[in-house]
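Report on the following structure.
The values are calculated or read from the model by the stated rules, or taken from the named source; none is laboratory data. The model shown is predicted, which means the values in this text are computed figures rather than measured ones. Positions of Cβ are generated from backbone atoms using ideal geometry, with glycine treated the same way; all protein chains shown enter the neighbour counts.
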Amino acid sequence: MRWSWRNLLLPQSCYLCGAESVRALCPGCLADLPYYSLENTCICCARPLNREFEEMYCAYCQQSPPFFSQTLPIFSYAYPINHLIIAAKFEQNLTILTLLAELMAQHIDYQQIPDALIPVPLHSKRLRERGYNQSLEMAKIVARQLDIPLATSACERIRYTTPQAQLTGSQRKTNLQDAFRSNHLKKSWQHIVLIDDVMTTGTTVNELASVLLQAGIPRVDVWCCARTLEY
Ligand SMILES: [Zn+2]
Ligand SMILES: [Zn+2]
């Protein structure tokens, strides 16, 4: 991973409002972050439920049940989380990335400790372009803070694909076919959690979960830093 030295210095001011701060965000901005509410959401994908005709599972999951069992988003992908994730992802801002991952570890409300965390992998070509995989860097911090094993080479991206954000919903579904491969999975693993930075339609994590289920993992969940509110 290549970080510029300026990102390793302690922040002197809040990234958002400029107030003096020892952390990347001041206490006021930290308190205002848009945490994701799981109230009245689908127990599988965490989309808000339409109470008139949906119970427990949203219409999307009723129509085509995902391969993962549960989604725990920490934040809504709204201001200022969208700005912070862009800073962590494309501007190599280590202090912001670390803060987001620490908040993830603090606020994740899980009932069952998984056997391992697997970050959504980047293709080696994309990794070279970007310099690092933000989901992996987040997963390292979450794994360390929660004392859960991190499996960095258990899933590999074997096809270079167009970024999902540049595609329509139907294109997203076919774009990732056969994009992933699993390696070195432990026979004892019963429950895996995928770590993603931003979840939108869930196509990427679903494709990955399907590979893991086919390889014999009984349960796959998703923990994401942020979940979009429109699909
Ligand atoms: Zn602030
Ligand atoms: Zn759902």
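With the structure loaded, tell me whether C14 is away from ligand 2 (no atom under 16 Å from the Cβ) and either modelled with pLDDT under 95 or more than 21 Å from M199 (Cα to Cα) (or both) or whether it fails that test.
Considered against the rule, which asks whether it is away from ligand 2 (no atom under 16 Å from the Cβ) and either modelled with pLDDT under 95 or more than 21 Å from M199 (Cα to Cα) (or both), C14 comes out as yes.
Would you check if Q106 is in a helix (DSSP H, G or I), over 16 Å from R227 (Cα atoms) and within 16 Å of ligand 2 (Cβ to nearest atom)?
Spelling it out, it is not the case that Q106 is in a helix (DSSP H, G or I), over 16 Å from R227 (Cα atoms) and within 16 Å of ligand 2 (Cβ to nearest atom).
Within the stretch 45-75, which residues are over 30 Å from E102 (Cα atoms), without any contact (Cβ under 8 Å) to a residue 60 or more places away in the chain and of a type in the set (S, T, Y)?
Hit for the stretch 45-75 is S64, nothing else.
Could you tell me which residue of the stretch 134-182 is surrounded by the fewest Cβ atoms within 10 Å (Cβ to Cβ), considering only residues that are acidic (D, E) and out of contact with any Pro (no Cβ under 7 Å at 6 or more places or on another chain)?
Result: D147.
Please verify whether the stretch 11-24 includes one or more residues that are over 21 Å from V222 (Cα atoms), out of contact with any strand residue (DSSP E or B) (no Cβ under 7 Å at 6 or more places or on another chain) and away from ligand 1 (no atom under 16 Å from the Cβ).
No, because not a single residue in the stretch 11-24 is over 21 Å from V222 (Cα atoms), out of contact with any strand residue (DSSP E or B) (no Cβ under 7 Å at 6 or more places or on another chain) and away from ligand 1 (no atom under 16 Å from the Cβ).
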